[in-house]
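The values are calculated or read from the model by the stated rules, or taken from the named source; none is laboratory data. Model, not experiment: these values are computed from the prediction. Every residue, glycine as well, gets a Cβ built from its backbone with ideal geometry; the counts of neighbours run over all protein chains shown. Just so you know, the surface numbers come from the protein's heavy atoms only, side chains and all, with ligands and any DNA or RNA stripped out. Shrake-Rupley method; radii C 1.70, N 1.55, O 1.52, S 1.80 Å.
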Amino acid sequence: MNTFLLKTEQLTKRFGSNIVLNQVSLEIPAGCILGLVGENGAGKSTFVKCVTGIYKPDGGSVCLGGNVSMIPQEFNLAQDLSVCENIFLGREPSRFGVINRKKMAADSAALLRRLSAEISPYGSVAELNVAEKQMVEIAKALSVQSKLLIMDEPTTVLNSRETAILFQVMRELKNEGCSIIFISHRLDEICEICDDVAVLRDGSLVHRCAASELDPEKIARLMVGRELTRLFPEQISVQNGEIALECAGISSGKEVSDISFSLIRGSVTGIAGLAGAGRTELAEAICGLRKRNAGTIKVSGKNVSIRKPADSIKNRIVYLTEDRQASGLLPDFSVTRNTTLASLIKYCTAGFIHSGKETLSALEYIREFGIKTASPDAPVSSLSGGNQQKVAIAKCLDNAPEIFIFDEPTRGVDVGARREIYDFIASLAKAGMTCLIISSDLDEIIGMCPRILVMRSGKLAGELNGAEITQENIMYLATGVKK
Ligand SMILES: Nc1ncnc2c1ncn2[C@@H]1O[C@H](COP(=O)(O)OP(=O)(O)OP(=O)(O)O)[C@@H](O)[C@H]1O
Ligand SMILES: [Mg+2]
């Protein structure tokens, strides 16, 4: 009798000469939530892709005790199909050979209700935000009713309420005898929801134990294989100086109304708020990605007209989007071309792209950020999720910005790399760059920003400085409710 829902033996996978999985032997019994952790590029996604048959292993075996479904790390939705068509893609319920659209919509609605997601089954996927897209991916995976469900970083784009609902569903599935492989860089989540934890380091399974034996610090140590010290760089509070960016009365649609603030050169400021508070929309309105109904923007004291993204870049304002897949990167292009894409003009002489210069610049970023890639010519799609995020930042930097707006900069980034990104933001500020960080991660925003603007329902609910910055004060401004 096989009581395991998954058993891999000596699973090995290579890409070229790069050994990405090295003899991984792992068993998962029924009714178990297994947390799979490891640094960016450790092989987590590759492991689950070998399990689901997306990749063919080079050695070892995979034995499954039931069918398996997966929520992939990068969205895999057909943009021109509706929500319910996506959920049942390839498995459309039919009667007498005709797709039963009514049933498809009703079943989709029931799945979305289970996830408390207010999404219309008939709506278009292209119009959903990242959290909604993630919910559709989850509904799609649930619709298969598998014994083994694999979730590759499902919570990176979810807020705490959505995450709590997902965890509830995960517990229900577990009680029904299903098992789940749960991948996340949020180590507190791993400790909260998982029964067991497996740690991958450089493609090898280095640890497997009960989650109750671990805490986030212990997991982080196992992941990187050494002691970790502080996560956040020293904060530098800039009180006086030239105003780099001044926004007055910015309004855009229903999402952003009458927002005014200014940023001093070289400062690091956070924007906090619940999902839907309008933080991303505010950034988009500033950068010309979204129409402004009102408001003026001054850069270094001068009025500027920003109507489209190119105007924003011209005025040295860059925006790292939260949805790197939809607007950040071109996955089939090389690492090099992605980093230089927005600033190709720099690499051109007489209309020709100087590819040597381009590669040199890319190599510099690869070194500076520790981007794990086989070569500068490798397509971005071959990089792990966290390394793709580093490429997205490099791409923005290549425009030599003065004002850098980061939207969820460490989403999907492991603890070690996260530190690199934080240090990097701090060094940019030290060099005089003005940084604005939008983040749903309270620890991150508190750790990085000596000044925090809090948004609620499209408006600026208040501002916190220095010692005023606490979780409670942020949540109070974000919700309007005192705990
Ligand atoms: N299709 C591919 N071709 C070449 N190399 C690849 C391919 N897919 C993954 N790799 C390499 O395999 C290694 C492991 O990648 P993987 O995506 O499994 O990491 P991960 O642990 O999921 O990381 P993350 O936390 O960043 O998502 C990386 O170095 C990556 O560059
Ligand atoms: Mg991954």
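Annotation: of all residues in the stretch 83-102 being touching a Pro at 6+ places or on another chain (Cβ under 7 Å) and of a type outside the set (Val, Ile, Thr), the one that is surrounded by the fewest Cβ atoms within 10 Å (Cβ to Cβ) is ASN100.
Restricting attention to the stretch 82-94, does a residue exist that is part of a loop (DSSP other than H, G, I, E, B), within 16 Å of ligand 1 (Cβ to nearest atom) and not polar (S, T, N, Q)? No, the stretch 82-94 contains no residue that is part of a loop (DSSP other than H, G, I, E, B), within 16 Å of ligand 1 (Cβ to nearest atom) and not polar (S, T, N, Q).
What pairs can you find where one residue is in the stretch 138-167 and touching a residue at least 60 places away in the same chain (Cβ under 8 Å), the other is outside any helix (DSSP H, G or I) and among the basic types (Lys, Arg), and their Cβ atoms are less than 7 Å apart, with a gap of 6+ or different chains? Final answer for the pair search is THR156/ARG411; VAL157/ARG411.
Residue-by-condition table, conditions (1) surrounded by fewer than 21 Cβ atoms within 10 Å (Cβ to Cβ); (2) among the aromatic types (Phe, Trp, Tyr); (3) within 15 Å of ligand 1 (Cβ to nearest atom); (4) outside the structural domain of VAL415 (by TED's automatic domain parsing):
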residue	(1), (2), (3), (4)
LEU11	no, no, yes, yes
ILE19	yes, no, yes, yes
GLN23	yes, no, no, yes
GLU27	yes, no, no, yes
ILE33	no, no, no, yes
THR46	no, no, yes, yes
ASP58	yes, no, yes, yes
CYS63	yes, no, no, yes
GLY66	yes, no, no, yes
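Test of understanding: among THR269, THR296, which residue is of a type in the set (S, T, N, Q), open to solvent by less than 20 Å² (accessible area, probe 1.4 Å) and at pLDDT 95 or above? Answer to the check: THR269.
The strands (runs of 3 or more DSSP E) located wholly in the stretch 269-329 that include 2 or more residues which are under 30 Å from LEU383 (Cα atoms) occupy 317-320. Report yes if ALA105 is more than 29 Å from GLY43 (Cβ to Cβ), open to solvent by 10 Å² or more (accessible area, probe 1.4 Å) and of a type in the set (Gly, Ala, Ser), otherwise no. For ALA105, the condition - more than 29 Å from GLY43 (Cβ to Cβ), open to solvent by 10 Å² or more (accessible area, probe 1.4 Å) and of a type in the set (Gly, Ala, Ser) - is not met.
When the residues of the stretch 113-153 are filtered to those that are of a type in the set (Val, Ile, Thr) and more than 17 Å from ILE183 (Cα to Cα), the one that is nearest to the chain's Cα centre (by Cα) is VAL130. In this entry, ARG456 is excluded by the filter for residues that are basic (Lys, Arg), closer than 23 Å to VAL299 by Cα and at pLDDT 90 or above.
The set of residues in the stretch 262-274 that are out of contact with any helix residue (DSSP H, G or I) (no Cβ under 6 Å at 6 or more places or on another chain) and not charged (D, E, K, R) comprises SER262, LEU263, ILE264, SER267, THR269. Reported count of residues in the stretch 382-410, each being within 14 Å of ligand 2 (Cβ to nearest atom) and within 19 Å of SER439 (Cβ to Cβ), is 5.
Does MET70 count as surrounded by 15 or more Cβ atoms within 10 Å (Cβ to Cβ) and more than 20 Å from GLY386 (Cα to Cα)? So MET70 fails the test. The residues listed here are LEU64, LEU21, LEU26, LEU6; of these, the one that is of a type in the set (A, V, I, L, M, F, W, C), in contact with a strand residue (DSSP E or B) (Cβ under 8 Å, 6 or more places away or on another chain), away from ligand 2 (no atom under 13 Å from the Cβ) and closer than 22 Å to LEU222 by Cα is LEU26.
Take ALA42 and decide whether it is more than 16 Å from ligand 2 (Cβ to nearest atom) and in the same structural domain as ASN175 (by TED's automatic domain parsing). No; evaluated as a whole, the condition is false for this residue. Residues of the stretch 381-392 that are at pLDDT 85 or above and of a type outside the set (S, T, N, Q): LEU383, VAL391, ALA392.
Would you check if ASP202 is within 16 Å of ligand 2 (Cβ to nearest atom), of a type in the set (D, E, K, R) and farther than 25 Å from ILE474 by Cβ? Spelling it out, ASP202 is indeed within 16 Å of ligand 2 (Cβ to nearest atom), of a type in the set (D, E, K, R) and farther than 25 Å from ILE474 by Cβ. Criterion applied to SER237, SER251 was being farther than 30 Å from VAL20 by Cα and exposed (fewer than 13 other Cβ atoms within 10 Å of the Cβ), and the one residue passing it is SER237.
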